[in-house]
Amino acid sequence: MKNLVIIGGGFAGATLAKKVQCRLPPEWNIYLLSETNFVTYYPLLPEVVGASVLPGHIQAPLRQIARHARIRMVKVDNIDFEQKKVFYHNNEAGELPFDQLVFAAGVRANTNMMPGMQEYALPLKTVGDALYIRNQMIDRMEQATIHPEPYHRKHLTTFIVIGGGFSGVETAGELDDFLKAAVHYYKNVRLEDCRVILLHSGDRLLPEISEKLGRKTEREFKKRHIEVRLNTRALRIEADRVILDNGEAITAGTIICTIGTLPHGFIQNDALPRERGKIKTQGDMSVTGMNGIWALGDCALVPNARDGKFCPATAQFADRQARFLAKNIAASVRGKTTRNFSFRPIGLMASTGHNKAVAEIYCFRISGLVGFLLWRAAYLIKVPTLARKVRLYLEWTWAMFFPPDIAHLGFKRTEPDATASNIEVDNH
């Protein structure tokens with residue numbers, strides 16, 4: 001038997017494992033190595049923050065997606081390219097030989113981009129991060145409603161979001177929607193006390209899409225009293241404030257950071273060609289100068305033959321790369337010619353709040369409710385498994401007519417009672 005090993009259980013890795021399993025000869029085993037046993041649809045993390053969906057609705061078990069792959073929930077430590085082995089650990093260390101190897105590990109949050117970021121800012125990279133931010137919002141509202149000092153109440157209900165890209169804009173919109181819906185349940189908290197401040201170093205929001213839609217999003221946010229600060233760069237973060245590069249300090253009870261990524265440690269292997277912190281590939285997604293090694297998704301720098309540019313780190317490109325690479329790997333193991341990746345993106349979309357979104361589909365620019373419906377339809381199609389699609393559709397429909405859930409999702413184990421050992425139990 002021969003082994004195809006895929007490192008990374010994200011959208012790219014899971015899709016590749018699913019698509020390649022029916023293309024390889026029967027003597028090939030497919031191994032999918034991932035730190036979790038599920039795939040997370042990251043574009044919907046802001047929806048979890050705003051309690052628009054439950055976390056389970058944007059996660060799908062890898063074993064249900066790639067049914068014929070051998071799933072290993074492990075953390076990869078290193079790769080020996082000479083011996084063709086992957087070294088990993090879970091409860092104990094292990095190794096796995098490979099004949100073909102694919103890097104689809106994505107990236108992780110960089111919490112050291114500026115002083116104080118790791119200590120005082122909340123990243124948004126995992127479902128755990130999204131749930132923590134949601135609980136933090138509810139904590140702040142609960143603290144504000146019992147605090148006697150009006151100034152301190154305003155401080156507690158002020159939220160700063162750093163980053164004006166897709167994640168930052170969608171998170172700011174979800175925060176604003178949640179606060180406006182939840183404030184009615186907190187008698188001592190006024191809506192005017194709740195502030196959402198969006199800091200962006202560029203001159204317009206959503207630089208990934210057209211300037212017109214970016215400006216429209218900015219105007220929409222200002223109408224909703226979301227404070228947008230453009231050309232504003234955070235210099236450092238302290239316990240309750242952000243210091244800007246112009247010396248200004250903005251205080252807030254919660255600081256959320258949606259910028260900054262880092263490659264995984266095993267990608268720093270000296271044998272791998274890298275550029276811009278990513279694995280450099282040929283047009284067919286094979287790693288430059290290495291036989292039987294491939295890379296795709298956010299961890300790879302893949303050229304797009306259609307326009308000669310490198311592919312952006314979006315779920316749309318990760319999905320298409322996975323489907324394309326499945327064909328190339330199947331061709332490679334049979335000694336056939338591989339093809340260079342070429343894809344024309346359909347468009348880009350971003351949610352800007354309740355029942356509102358901006359979308360750029362080919363040459364058409366759409367916003368408002370129509371954009372929102374297109375945004376949800378596109379993501380509903382992409383979410384893995386039919387069960388998740390149905391659950392997500394029902395949850396979205398419910399959220400359009402009812403307020404968000406303001407229950408604090410605290411998960412605590414029952415702790416042993418220190419006095420229990422001193423109590424005599426009468427068995428009679």
Taking only the alpha-carbon positions of the chain as identical scatterers, the Debye log10 I(q)/I(0) at q = 0.08, 0.13 Å⁻¹ comes out as -0.50, -1.18
Would you calculate the separation in nanometres between label points at Glu211 and His408, each defined as 7 Å from the Cα along the Cα-to-beta-carbon direction? 4.7
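Expressed as cubic angstrom per residue, what is the convex hull volume of the alpha carbon set of the stretch 236-347? Spell out each step's value before the answer.
On the way: hull volume 18.2 nm³, N = 112.
In the stretch 236-347, the Cα convex hull volume per residue is 163 Å³.
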When the helix-only estimate is applied to the chain (DSSP H runs of n ≥ 4, each -39,500 (n - 2.57), divided by the residue count), what is the mean residue ellipticity at 222 nm, nearest 500 deg cm²/dmol? -9500 deg cm²/dmol
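Counting every Cα pair in the stretch 156-201, what percent are over 15 Å apart?
Working: 430 of 1035 pairs.
Summing the P(r) tail past 15 Å for the stretch 156-201 gives 42 percent.
If you restrict to DSSP beta bridges whose two residues both lie in the chain, what percentage is antiparallel, to the nearest 5?
Here the antiparallel bridges make up roughly 55 percent for the chain.
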Mind checking the angle between helix 386-401 and the chain's longest principal axis? C-alpha axes, 0 to 90 degrees, to the nearest 10. 20
By DSSP, what percent of the beta bridges with both residues in the stretch 29-163 are antiparallel, rounded to the nearest 5? 75
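Which value results when the Cα radius of gyration for the stretch 17-80 is divided by 2.2 N^0.38 Å?
Numbers: Rg = 14.8 Å, N = 64, 2.2 N^0.38 = 10.7 Å.
So the Cα radius of gyration is 1.39 times the expected 2.2 N^0.38 Å.
Equivalent-ellipsoid semi-axes (√(5λ), Cα gyration tensor) for the stretch 358-408, whole Å, largest first? Please report the intermediate quantities before stating the final value.
Working: eigenvalues 111, 53, 13 Å².
The three semi-axes for the stretch 358-408 are 24, 16, 8 Å.
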Modelled FRET efficiency - R0 25 Å, Glu415 with His89, Cβ distances, 0.05 increments: 0.25
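Using Cα-Cα distances under 8 Å and only pairs 6 or more residues apart, what relative contact order does the chain have, in percent?
Values: 843 pairs, mean separation 76.9, N = 428.
The normalised contact order for the chain reaches 18 percent.
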Choose one of Ser167, Ala181, His200: the residue whose Cα lies farthest towards the positive end of the charge dipole of the stretch 135-200 (beta-carbon charges +1 Lys, Arg; -1 Asp, Glu; about the Cα centre). Ala181
Using Cα atoms only, what is the angle between the long axis of helix 166-182 and the major principal axis of the chain, expressed in degrees (0 to 90) to the nearest 10? 30
Along the charge dipole of the chain, Cβ charges K/R +1 and D/E -1, which of Pro150, Ile71, Met285 sits furthest on the positive end? Met285
Please compute, for the alpha-carbon atoms of the stretch 77-143, the extent along each of the three principal axes and give them in descending order in Å. 57, 26, 21
Which angle between 0 and 90 degrees, to the nearest 10, do you get for helix 315-333 versus the longest principal axis of the chain when only C-alpha atoms count? 10
Signed unit charges on C-beta, dipole axis of the chain, positive-most listed residue Ala14, Gly353, Pro115: Ala14
With charges only on Cβ, +1 for K and R and -1 for D and E, what is the dipole size of the chain about its Cα centre, in debye, rounded to 20? 2040
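Of the lysine pairs in the stretch 174-308, how many meet both conditions: Cα atoms under 22 Å apart, and a spacing of 8 or more in sequence or different chains?
On the way: Lys180/Lys216; Lys180/Lys222; Lys180/Lys223; Lys212/Lys222; Lys212/Lys223.
Total qualifying Lys-Lys pairs in the stretch 174-308 comes to 5.
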Ratio of Rg to Rh for the stretch 94-210, alpha carbon only, Kirkwood? 1.11
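Peptides 343-353, 102-112, 10-20: what's the order by average Cβ count within 10 Å, highest mean first? The partial results should precede the final answer.
On the way: 343-353: 20.2, 102-112: 21.9, 10-20: 26.7.
Result, highest mean first: 10-20, 102-112, 343-353.
Would you kindly calculate the translational diffusion coefficient of the stretch 150-250, applying Stokes-Einstein with the Kirkwood radius from alpha carbon pairs, for 37 °C and a viscosity of 0.692 mPa s, and quote it in µm² s⁻¹ without decimals?
On the way: Rh = 14.3 Å.
The calculation lands on 230 µm²/s.
Here, each number is a calculation from the coordinates, and none is a lab measurement. These numbers come from a predicted model, not from an experiment. Quick reminder, even Gly has a Cβ in these numbers, built from the backbone with ideal geometry, and neighbours come from all protein chains shown.
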